[in-house]
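Following: one structure in structure tokens, then a few remarks.
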Amino acid sequence: MALNTLYNLFAKDIELLSLAEKQVFFYIDNHVTNIEQLTLVSLAEETNVSTTTVIRMCHKLKLSGFSELKFLLSAPKKEKKNSPKDFSITFLENIQLGIQQLPIDQIELLATRILHAPKIYIACLGMTKILGEYFSKNLVTSKKNVVFTYDSFIIDILPQIVERDDLIIIISESGNTASTLSLAEHLKYNLSNVVALVNNPNAQIAQYVETLICCSSDLFDENLFKHHHAPLLIAIDLILNYFEQIKYCLM
């Protein structure tokens, strides 16, 4: 659809035109959606005037010629949007890239530490709450002593209640929020065993934790995919499966 009509742009100049020029003017205005297909010659033929009349009309409208008139009336070129299928494929490819870059040695080590830790604290902030609940319930089912919290009060006093051999797992989308960083910093100077699961390769929490497991690649476009907890969930499932395998091998 064209952005403008000739009448909207040049209504005040119509009285300057001759009858033949007005005929061209209103023909264009009535066929503005086809402006890109019109040529100078075809327009002259359709309106039974000479090409000179068309050009003279353009000049009276203070335009350099018919080409400028077409440019003014042409609809802007729309950028091609990804189809839903393309969008889905891009999303899945981004997740797959993140999975391929997961630090498997650290995941296996974390699974081993979970097996041997006397108590495990899983702290979640924001939208990761449901992931932490899923993680903790699976470990409880496997008879692990797990404390799951998303309560800000408990999180604030967590550095005061954990003991030396306890394992603390922080799950955070960005790893950059003030409350997340505050918790990690306090735990660091408490000499606690802290692991962070994040979706951000540049998470500031990395400076405070013993182990950082990033579940997304640095190519993941957060502006394009605003909802992307899937990589965190996949990492959690991988940790749980390694945990079950290690436990089975030690039986």
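Here are the numbers for this structure:
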{"quantity": "Output for segment 200-213, where each listed residue is open to solvent by 30 Å² or more (accessible area, probe 1.4 Å) and in contact (Cβ under 8 Å) with a residue 12 or more places away in the chain", "calculated": "Pro201, Asn202, Gln204, Ala206, Tyr208, Glu210, Leu212"}
{"quantity": "Any hit, segment 181-189, residues being part of a loop (DSSP other than H, G, I, E, B), crowded, with 20+ Cβ neighbours inside 10 Å and among the hydroxyl-bearing types (Ser, Thr, Tyr)", "calculated": "no"}
{"quantity": "Test for Asn8: is it open to solvent by 30 Å² or more (accessible area, probe 1.4 Å) and assigned to a loop (DSSP other than H, G, I, E, B)", "calculated": "no"}
{"quantity": "Neighbours by Cβ (under 9 Å, 6+ apart or cross-chain): first from segment 230-251, basic (Lys, Arg); second assigned to a helix (DSSP H, G or I) and open to solvent by 30 Å² or more (accessible area, probe 1.4 Å)", "calculated": "Lys247/Leu115"}
{"quantity": "Among the candidates Asn48, Asn30, residue that is open to solvent by 50 Å² or more (accessible area, probe 1.4 Å), out of contact with any Cys (no Cβ under 7 Å at 6 or more places or on another chain) and on the phi > 0 side of the Ramachandran plot", "calculated": "Asn48"}
{"quantity": "Where Pro231 falls short, out of the listed (1) over 21 Å from Tyr121 (Cβ atoms); (2) surrounded by fewer than 21 Cβ atoms within 10 Å (Cβ to Cβ); (3) not aromatic (Phe, Trp, Tyr)", "calculated": "(2)"}
{"quantity": "Checking Thr141 against (1) more than 31 Å from the chain's Cα centre (by Cα); (2) under 20 Å from Asn190 (Cα atoms); (3) surrounded by fewer than 19 Cβ atoms within 10 Å (Cβ to Cβ), the condition it does not meet", "calculated": "(2)"}
{"quantity": "Unique match (being free of Cβ contacts under 8 Å to residues at least 60 places away in the same chain and under 11 Å from Leu73 (Cα atoms)) among Val24, Val41, Val32", "calculated": "Val32"}
{"quantity": "Residue tally, condition under 17 Å from the mean Cα position of the chain (by Cα) and open to solvent by less than 30 Å² (accessible area, probe 1.4 Å), over segment 171-180", "calculated": "2"}
{"quantity": "Pairs, first of a type outside the set (S, T, N, Q) in segment 102-119, second at pLDDT below 95 and part of a helix (DSSP H, G or I), C-beta under 6 Å, six or more apart", "calculated": "Ala111/Ile246; Leu115/Ile246; Leu115/Lys247"}
{"quantity": "The listed residue being open to solvent by 10 Å² or more (accessible area, probe 1.4 Å), aliphatic (A, V, I, L, M), closer than 17 Å to Glu108 by Cβ and modelled with pLDDT under 90, out of Leu224, Leu250", "calculated": "Leu250"}
{"quantity": "Residue count for segment 150-168, restricted to those that are open to solvent by less than 40 Å² (accessible area, probe 1.4 Å) and either of a type in the set (Gly, Ala, Ser) or more than 26 Å from Lys226 (Cβ to Cβ) (or both)", "calculated": "6"}
{"quantity": "Selection count where residues are part of a helix (DSSP H, G or I) and either under 23 Å from Ile161 (Cα atoms) or modelled with pLDDT of 90 or more (or both), scope segment 94-145", "calculated": "28"}
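The values are calculated or read from the model by the stated rules, or taken from the named source; none is laboratory data. For clarity, every value in this text was computed on a predicted model and none was experimentally measured. Here the Cβ is made from the backbone with ideal geometry for all residues, glycine too, and neighbour counts use every protein chain on show. The accessibility values were calculated without ligands, DNA or RNA, using every heavy atom of the protein model including side chains. Shrake-Rupley method; radii C 1.70, N 1.55, O 1.52, S 1.80 Å.
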